[in-house]
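Notes follow once the structure below has been shown.
The values are calculated or read from the model by the stated rules, or taken from the named source; none is laboratory data. Computed from a predicted structure; not experimentally measured. Ideal geometry is used to build each Cβ from the backbone, glycine not excepted, and the neighbour counts take in all protein chains shown.
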Amino acid sequence: MSYFSRIRLKPGLDLAQLVRLLPTNAYAEHKLVWQWFGEEQASRDFLFRREQQGHWPFFYVLSQREPVAPPHLWEVESRPYQPRLADGERLAFMLRANPVRVRKISDDRAVKTRRRDDVVADLKKRRYADRAQRPPMAVIVREGGEQWLAERAENGGFELESLNVEGYHQQRLYKRGAEQPIYLSTVEFSGILRVADAGKFIKRLHQGIGPAKAFGCGLLLVRRV
């Protein structure tokens, strides 16, 4: 059984509580959401997405267990998640993803042999290195993001009918005790898709799309149109 939850701040919290409570970056969000599922050392069995309502955040969470958040701070609305879909159905979707490709850089097993390249930054560097010929950043984001998501559509059991790609954002995340920061880039996708293989697509809904799921990426939100 899976659960889809919306988790919002309780009304009436004072400013001092909010300052202490609210995460300031994706790593802080990661730690906050983990707390709703017990020990952080346990394997992750959830996806989440942060949204904003006015000045305050709220979260959509898809999980195998019901989240348990402190009731004096958070309101949790959960329901069973059992999508029933058929081939050919059209769905509006939203996705926040970390669009990277894994590139082999060495055959030497004694060193790191693969790396993850940000598809937008890589496209900008490789195809549009000449600044005089470089299109606006929004064009590069759309080109890189569209190709990346299209590559994942077939294995995900869906076809893209229309697509918006925007909101490219880069962050450096610092984990206590780590020597190097974590580099995280995100892109916002939305549009209309058609279910090509309902079995594959439902599996993809549960598993998410792309890496960095522990940092709020990969949750595919859909509704019928």
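Every condition in (1) outside any strand (DSSP E or B); (2) surrounded by fewer than 14 Cβ atoms within 10 Å (Cβ to Cβ) holds for E166 except the one numbered (1). Would you check which residues across the range 142-153 are among the aliphatic types (A, V, I, L, M) and more than 14 Å from L95 (Cβ to Cβ) and list them? Within the range 142-153, no residue meets the criteria.
Take the conditions over 27 Å from I192 (Cα atoms), modelled with pLDDT of 95 or more and not assigned by TED's automatic domain parsing to the domain that holds G210 and apply them to V61. Does it pass?
Criteria not met by V61.
Being surrounded by 16 or more Cβ atoms within 10 Å (Cβ to Cβ), touching an Asp or Glu at 6+ places or on another chain (Cβ under 6 Å) and closer than 22 Å to S2 by Cβ: is that true of V222 here? In short, no.
Out of E146, E151, E161, one residue alone is surrounded by fewer than 16 Cβ atoms within 10 Å (Cβ to Cβ) and within 18 Å of the chain's Cα centre (by Cα). It is E151.
Within the range 65-102, restricting attention to residues that are among the aliphatic types (A, V, I, L, M) and over 18 Å from G216 (Cβ atoms), which residue is surrounded by the most Cβ atoms within 10 Å (Cβ to Cβ)?
The selected residue is L91.
Taken together, F37, F58 contain a single residue that is touching a residue at least 12 places away in the same chain (Cβ under 8 Å) and assigned to a strand (DSSP E or B), which is F58. Of all the residues in the range 23-34, those that are exposed (fewer than 15 other Cβ atoms within 10 Å of the Cβ) and part of a loop (DSSP other than H, G, I, E, B) number 2.
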